[in-house]
Amino acid sequence: MKKKIMGLALSSCLLLASVPAYAADSAAEPNQAVDPNLVISTKEELHIPNNVTLKSITPLDNASITYDHNHGIDWDRNNRQVWGNTQAQQGTTKLDSYTRARFEQLNGSVYGDSGRVWSANQGRSYARSAWENYNALRSGVAKTYYGI
């Protein structure tokens, strides 16, 4: 369990440096099928300087921000698409947030990436990857990322 937590923490840190990373339990061994309905979601922590405020009144604090994040996979015959949506909030104030959906291979390659899709006017952000033709031995892991 400790190794899994450390792996997830390391993955989060590396993501901030734009280096693809994987949690220890997030993918299968090479030439082994990955659960086609598995979606791994990762909240990306950002450092918010003390002088940054929301509406110049409330200081932003990662600990006080909550996220409502949903994810899933849509299927159309043998094609699949990963999706996610996020609403960030600090107290009763809704915040702009982003959601990202994509597929990742064990070798670090990424495909079908939606990029960061930001919310408008402090609403919910929605992201969908490109469709992929699922192949049990060649398809990547479905992942979503979210944050502010």
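Derivation of every value follows stated rules applied to the coordinates shown; laboratory data play no part. A quick note: this is a predicted structure, and the numbers were derived from the prediction, not measured. Heads up, the Cβs are rebuilt from the backbone with ideal geometry, glycines too, and the neighbour counts pull from every protein chain shown.
The table for this structure:
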| read-out | value |
| --- | --- |
| Ranked by how many other beta carbons lie within 10 Å on average, peptides 71-79, 101-109, 137-145 from highest | 137-145, 101-109, 71-79 |
| Sites T92 and Y134, calculated FRET efficiency, Cβ-Cβ separation with R0 35 Å, nearest 0.05 | 0.25 |
| Cβ-derived FRET efficiency at R0 25 Å, A120 paired with T66, nearest 0.05 | 0.80 |
| Extension gain (nm, one decimal) between E44 and D74, 0.36 nm per residue minus Cα-Cα | 8.4 nm |
